[in-house]
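Reading through the structure tokens given below for one structure.
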Amino acid sequence: MLEFQTNSVKNIIMPKQLRETLVPPLDKIMSIVVNTNSRSTNIVDFADSMLWVSPRVKHLVCRSGFSAFVLQLTHKELLPGIPDDLCRFCTSHPSRCWRHSVMTYTLNHSCDETKKKVQSYIRANLRKAGRNDVD
Ligand SMILES: [Zn+2]
């Protein structure tokens, strides 16, 4: 498990340009918890970054004094039948991104609006990788 304490979640967001050349650093981390005192956290950017950093994470939490976000995922390695070239997110390095292994997910946020945004982010991303079987 990895736990962060930060003034702003922006501090731990991975720039997209960097992701193209780097390999996800925390392949074996199962749980990431972030505690922040920031009021304005972009949860979609946060989830996007953390799922890149740790593609097999099962438990992703972002807590502040004002809100709480929890994303739980189950994965299955090497799902058959997903052609690699369908996924434009992991063409540059050998490990497969989270979009290939997620089987189920549940998410919770104290704000319904944010919850919906994260949900549509996850759905859209899975569809982009040819996954229409997850909900
Ligand atoms: Zn991928």
Worksheet entry | Length gained when the stretch ALA68-GLN119 is fully extended (0.36 nm per residue, less Cα-Cα span) | 16.8 nm
Fill in: Gain in span if fully extended, ASP112 to VAL33, counting 0.36 nm per residue against the direct Cα distance
26.4 nm
Worksheet item: In what order do ASP112, ASP45, ASP133 fall by count of nearby beta-carbon atoms within 10 Å, going from fewest to most?
Response: ASP112, ASP133, ASP45
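In deg cm²/dmol, rounded to 500, what helix-only [θ] at 222 nm does the chain give when every DSSP H run of at least 4 residues adds -39500 (n - 2.57) and the total is split over its residues?
Helices in the chain give a 222 nm mean residue ellipticity of -7500 deg cm²/dmol.
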Worksheet item: Spin-label point model (7 Å from Cα, Cβ direction): what's the VAL44 to ASP135 distance in nm?
Response: 2.2 nm
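I'd like the antiparallel share, as a percent to the nearest 5, of DSSP beta bridges with both residues in the chain.
55 percent
At 0.36 nm per residue, minus the direct Cα-Cα distance, what do GLU77 and MET103 gain on full extension? Give it in nm, one decimal, please.
Here the segment from GLU77 to MET103 would lengthen by 8.4 nm.
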Worksheet entry | Kirkwood Rh, Cα atoms: Rg over Rh of the chain | 0.95
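Each reported figure results from applying straightforward, stated rules to the coordinates on display, with no laboratory input. All figures in this text were calculated on a predicted structure; none of them were measured in a lab. Cβ: placed from backbone, ideal geometry, glycine included. Neighbour counts: every protein chain shown.
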